[in-house]
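The values are calculated or read from the model by the stated rules, or taken from the named source; none is laboratory data. None of the values given here were measured: they were computed from a predicted structure. Because the Cβ atoms are built from the backbone with ideal geometry, glycine has one as well, and the counts that use them run over all protein chains shown.
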Amino acid sequence: MINLKLKNPLVFFDLETTGVNVTKDRIVELSFIKVLPSQEREVYTQRINPQVPIPAETSLIHGIYDEDVKDAPTFKEIARNLHKFLEGCDLAGFNIIKFDVPILVEAFLRENIEFDISRRKLVDAQKIFHLMEKRTLSAAYQFYCNKTLENAHSAEADTKATLEVLLAQVEKYDEKMVTDLQGNEVGVIRNDVEALHQVSTTKMVDLAGRMTFNEEGVEIINFGKHKNKTVEYVLASEPAFYDWVMKGDFPLDTKRKLTEIKLRSLKSRF
């Protein structure tokens, strides 16, 4: 493996947090690997007490619970030393520009510590990945079929290419288990439409994804203040939610599915 040519130390880092809201959520674990121009490395990893409860659904993803961080230092307690550790360093990571850097800057600013990124170079491996391995039909056609898609964006050419891509996918991944980003098994790819349907539509309730299924197969809300609450619970505890959705700018399919759940819930009471 090659060595990076560096003028400044480059710090690779990742944060685990209480959620994905930059302004509201807090860091619960951080890890930094500083690569020096000499190629020497320094590692700094620390659990953090966020001083707010960690939502259960978030703990299920990163495996860190309130009990794990109750005796850990707060970010305030480590902020000065961490700032010094990062002094003069450029930053690298996976999806850091959209998530980790904003969260880190916000954490420093809450402690009245200026963390100026305008003087630092930012390297995001996810951005490079998406730029180099494009997720388009043309790219898929080249990857799976080793062919160049002529007349891309004409309906017939795209349709024919999609057929060939799917056939190649079934052949390439036959009997392989598919997992989601959290490592949960969602199905097996095989030459069977039911199996392919299961992989393609896993956890979908409505086509817009405003509602999904939880691990128990129960419909839950997938957005807003009621995220991860069961749909039936929200409809029962806040009846105005139904009217808000029905009058709001939601797809007709979402409104239809919500109505079906509401009617089913009402029938089950009698």
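Numerical summary
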| item | result |
| --- | --- |
| Check on residue 155, in the same structural domain as residue 62 (by TED's automatic domain parsing) and of a type outside the set (Asp, Glu) | no |
| Check on residue 207, in a helix (DSSP H, G or I) and either within 27 Å of residue 58 (Cα to Cα) or touching a residue at least 60 places away in the same chain (Cβ under 8 Å) (or both) | no |
| The stretch 69-120, residues that are polar (S, T, N, Q) and at pLDDT below 95 | 95, 112, 118 |
| Residue check for residue 120: over 16 Å from residue 19 (Cα atoms), touching a residue at least 12 places away in the same chain (Cβ under 8 Å) and among the basic types (Lys, Arg) | yes |
| Qualifying residue in the stretch 206-223 (condition: exposed (fewer than 15 other Cβ atoms within 10 Å of the Cβ), at negative phi and basic (Lys, Arg)) | no |
| Failed item in (1) more than 27 Å from residue 246 (Cα to Cα); (2) modelled with pLDDT under 85; (3) of a type outside the set (A, V, I, L, M, F, W, C), with residue 203 passing the rest | (1) |
| Every residue from the stretch 166-204 that is β-branched (Val, Ile, Thr), touching a strand residue (DSSP E or B) at 6+ places or on another chain (Cβ under 7 Å) and in a helix (DSSP H, G or I) | 170, 199 |
| Count of the stretch 246-263 residues which are surrounded by 12 or more Cβ atoms within 10 Å (Cβ to Cβ) and either outside any helix (DSSP H, G or I) or at pLDDT 90 or above (or both) | 11 |
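Residue by residue, here is whether (1) without any contact (Cβ under 8 Å) to a residue 60 or more places away in the chain; (2) closer than 30 Å to residue 229 by Cα; (3) surrounded by fewer than 19 Cβ atoms within 10 Å (Cβ to Cβ) holds:
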position	(1), (2), (3)
3	yes, no, yes
9	no, no, no
17	no, yes, no
44	yes, no, yes
102	no, yes, yes
105	yes, no, yes
109	yes, no, yes
113	yes, no, yes
